[in-house]
Structure formats: structure tokens, C-alpha cells
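Notes to accompany the following structure.
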Amino acid sequence: MRIYLIGYMGCGKSTIGRKIADLLKISFVDLDKYIEERYFKSVPAIFAEEGEKGFREKERSSLFEVSQFEDVVVGTGGGAPCFFDNMQVMNNNGITVYIAPDTDILATRLLKSKTERPLIVGKSREELIAFINDALLKRAPFYEKSKIIIRGENNLDPQHLIDMICQFESKD
Ligand code: S3P
């Protein structure tokens, strides 16, 4: 079983991903962490030294690599589905789940988060909300190619998500 969690920064991919991987007794891979370990460089350093283009290329190769792993939950970076044919790669190799909380929830989480995110560094709450809404207009068409879409939930129940994935698998 290979599950990809998709969605905007702050949607909770890593938190819920770890929980469902534990319950399913399989591994969780955070794609950003995988990239950092694979290339011995932090995400902010890759953006600073190689630009977003350099990051997206590394993200793409890393996505291919983790798509060879069996029995894994992959938490992808917020932009991963929106470059190259990454969404198709994920849909061909596993179950994609788009987690889509409301913008307000995303902004609150991002303002509290300690993770350094080069695309939103230094933004106020108002700037962040405008930035997220604008980004979602462009990104939603990619995210919405996911096999499962979960909207508007704040604290998503891991067992509920597993049930949805299992139901989807039995239909597929
Ligand atoms: C990005 C999201 C980040 C990380 C990078 C770019 C994006 O991942 O990949 O900073 O383009 O939305 P998270 O969604 O895990 O924060």
C-alpha cells in the first residue's frame, strides 16, 4: 500500500501522515526531510542557492525514488503535486489524499509553525491569507486530481481517514 498526502503548507500532512502510518504499521516519509537527507542540504538552503527551479527538480527525483518504496505513507511538500506530471506519478503509484482545511486554519497553523518555509517567510496574517488564497486558485486544479478529497476539517481523525482509504481500495 502506498499513500500520498497532498495539500497546502500547514494542512497537517505530516501530523496525520505519522498517525495513519503508525496505525497501519507502515513507514512515514516526509518528502521534504527525504530531500534534505538525500542532498545534505536544508530546503531553505536549496531555495537560496539553487532557486525554486533547483528545488523542484530535486523534489521531482525524490518523488520518483519514494514511489519505489512499498508500504509507505508519503507526506509531500505543498508544491509537489503542481510541478511536472508529479500528480500523475502519484496517482499511478498509489492512493492520493488531498487534505484541504479552510484558509483561516492554514494561516493560523503556519503562523504558529516553527518550520522554515521560504515561500511565506515574514508575512503578516493578512498577507498570508491573501497569499494562500491566490496560491490555492492556481494549485487547486492539481490537488483536486486526488483520489480522495477531505475538505474543511480541522483535526482530522486518523482512523476515519484509514477507513476512507480502505473503502477506496476495495472499490478500485
Ligand atoms: C512548499 C511547501 C513546503 C516545502 C517548500 C515549498 C510549497 O512543504 O516543500 O517550502 O511550495 O508549498 P510543506 O507543505 O510540507 O510545508
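Bear in mind these aren't lab numbers, they're just calculated from the coordinates by the rules spelled out. These numbers were taken from a predicted model, which means no experiment stands behind them. As a convention, Cβ positions derive from the backbone with ideal geometry for all residues, glycine included, and neighbour counts pool all protein chains shown.
General remarks:
- Within the chain, longest stretch free of exposed GluC sites (Glu not before Pro) [DSSP loop, at most 15 other beta carbons within 10 Å]: 1-69
- Applying 1/(1 + (r/R0)^6) with R0 = 30 Å to the Cβ-Cβ distance of ARG151 and GLU50 gives a FRET efficiency near 0.30.
- In plain terms, the chain from ASN91 to ASP134 could stretch by 13.0 nm, reckoned as 0.36 nm per residue minus the Cα-Cα distance.
- For the chain, calculated [θ]222 nm from helices alone, where every DSSP H run of n ≥ 4 adds -39500 (n - 2.57): -18000 deg cm²/dmol
- FRET efficiency, ASP163 to LYS114 (Cβ-Cβ, R0 30 Å, nearest 0.05): 0.40
- Number of Lys-Lys pairs in region 1-69 with C-alpha atoms under 21 Å apart and a separation of 8 or more places or on different chains: 10.
- Loop-resident trypsin sites (Lys or Arg not before Pro) (DSSP state other than H, G, I, E or B) in region 25-116 with no more than 14 further Cβ atoms inside 10 Å of their Cβ: LYS25, LYS114.
- Tensor-based shape of the chain (alpha-carbon gyration tensor, a/c under 1.5 rounded, otherwise prolate or oblate): oblate
- Each residue, GLU37 and GLU70, gets one label point 7 Å from its Cα in the Cβ direction; the gap between the two is 2.0 nm.
- HN-Hα J in Hz across region 164-169 - Karplus 6.51, -1.76, 1.60, θ = phi - 60°, x for Gly and Pro: 5, 5, 5, 4, 5, 4
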